[in-house]
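Below you'll find the structure, written out as structure tokens, and then a few comments.
The values are calculated or read from the model by the stated rules, or taken from the named source; none is laboratory data. All values derive from a computational prediction rather than experimental measurement. A quick note on method: Cβ atoms are made from the backbone with ideal geometry, for glycine too, and the neighbour counts reach across all protein chains shown. Ligands, DNA and RNA are excluded from the accessible area calculation, which covers all protein heavy atoms including side chains. Shrake-Rupley method; radii C 1.70, N 1.55, O 1.52, S 1.80 Å.
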Amino acid sequence: MTSTIALPRHSAVLVLGKAKDNGFMAKVADAIPAIASPWDVNKPEASLEALYEALDAGQPVRVCMLRSHRTARRQVVNAATKRGAIPIALRLPGAEEIGDDEGFAMVVEVCADTRLSYTISPMPCDLHHLHGPFDIVGDIHGCHDELCELLDRLGYINADTGKPQPHPEGRTLVFLGDLTDRGPANLPVLQLVKDLERFGALRVLGNHDEKLARWLIGKKVSISPAMQTSVDELEVLAEDARTAMGEWLGGAEPHLVLDEGKLIVAHAGLEEAQQGRRSRGARSMALYGKVTGGVDAYGHPEAEDFALDYHGAALVVHGHVVHANPREVNNVIAIDTGCVFGGSLTALRYPERDFVSVAAKGRYCEREQF
């Protein structure tokens, strides 16, 4: 039997076996197109240090364990996650069982007669092959009427039916996250964005999306006044519909790499060194910005203005931080223009770098200033 495994370009492949099958493990491991990072159960600290060094190369890395135990496996998963790699396990016959809660993205059961082949696949956030042109939409926060007006102006609403359509000129929508909270029509926004994905629309995860998604799938979260507007609307859904909505909402990537790496979209922005990575640091910055640990005048997590020191080759487009007008600094464009606070909803047309905005139809949430 032959099985093909797609290895993400940045991954950690843990091969688990038992001592008497050392030859079979070597045969399986040698076929993996990856950097070898030996693991010595008697020297876990040195093994872990070597693994971090191997992961820094940004290529698939393989680790073999003849005597596997949960702690060592968790160390490999944690190291991979910290370096933005995707942890995968190959479990050979007789190896210790792997728990569902151990954090592996995929566990492959390898039989003695299995012949494995491999392909290298892009990271989930890597959409280099998509060149646009794109229409990138800032934070919506439940402003459904304004979103419909903006989409109509951009060409994504059919004039005869009033329903979503593919763009007549082949453009692609990209949503910068924070689809909900604070605004008046959160469920309709979610349903509309889902409909648009059928026509190729893309989106990244926002911090409000991430928290609402956890509530939708039944996780215990603290419901803020901003989030309460969404909860009030979504509570009417049946439990299975809420779960499905939450899995969809929370399933977006924190950032996307587009147009051969020339364009990065992330809800709150992203440093050059984190682009294309799936590390915890990259995820945190994409969702919340370069947080300082303090709070701003509105009680929100305070973040440094990363654009001031950004010198990356890729254009970074983000939302999250509200400005009265779109802001361009050092190849970073911010397009959250505070629609839910009575400002406007803005889209950036790429590569033209033109802005299209529609004014808010009301002030749905109070804010002292932009």
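Odds and ends about this structure:
- Gain on full stretching of the segment that runs from Asp305 to Asn158 - 0.36 nm per residue minus C-alpha separation: 49.0 nm
- Taking Asp113, Asp178, Asp232 as the candidate residues, the one with maximal mean-square fluctuation in a Gaussian network model of the chain, Cα springs under 10 Å, is Asp113.
- Sorted peptide list for 136-145, 30-39, criterion being average Cβ within 10 angstrom, highest first: 136-145, 30-39
- Structure-based [θ]222 nm, the chain - -39500 (n - 2.57) summed over DSSP H runs of at least 4, per residue, nearest 500: -8000 deg cm²/dmol
- Here, P(r) means the percent of Cα pairs in each 20 Å bin from 0 to the largest distance; for the chain it is 27, 50, 21, 1.
- With a Cα cut-off of under 22 Å and a minimum spacing of 8 residues unless on different chains, the lysine pairs in the chain number 13.
- Within the stretch 315-366, the GluC sites (Glu not before Pro) that combine a DSSP coil assignment with at most 15 other C-beta atoms in a 10 angstrom radius are Glu352, Glu366.
- Of Val189, Val77, Val295, the one that fluctuates the most in a GNM where the chain has Cα springs shorter than 10 Å: Val295
- Share of carbon and sulfur in the accessible area of the chain stands at 48%, probe radius 1.4 Å.
- Of the peptides 104-110, 285-291, the ranking by mean beta-carbon count within 10 Å, highest at the top, reads 285-291, 104-110.
- Approximating the spin labels as points 7 Å out from Cα along Cα→Cβ, the Lys27-to-Val108 distance works out to 1.6 nm.
- Hz values of 3J(HN,Hα) by residue in the stretch 103-116 - Karplus curve (6.51, -1.76, 1.60), Gly and Pro given as x: x, 6, 6, 7, 10, 10, 7, 9, 8, 4, 9, 7, 10, 9
- √(5λ) per eigenvalue of the Cα gyration tensor, the stretch 1-105, largest first, Å: 18, 16, 14
- Once backbone amide H atoms are built at 1.01 Å from N, Leu202 has Leu173, Val174, Phe175 as its partners under 5 Å, excluding neighbours fewer than 5 places away on the same chain.
- Taking all protein chains into account, the per residue accessible area for the chain stands at 46 Å² (1.4 Å probe).
- Local electrostatic count at Leu212 - Lys and Arg +1, Asp and Glu -1, tallied over other residues with Cβ under 13 Å: -3
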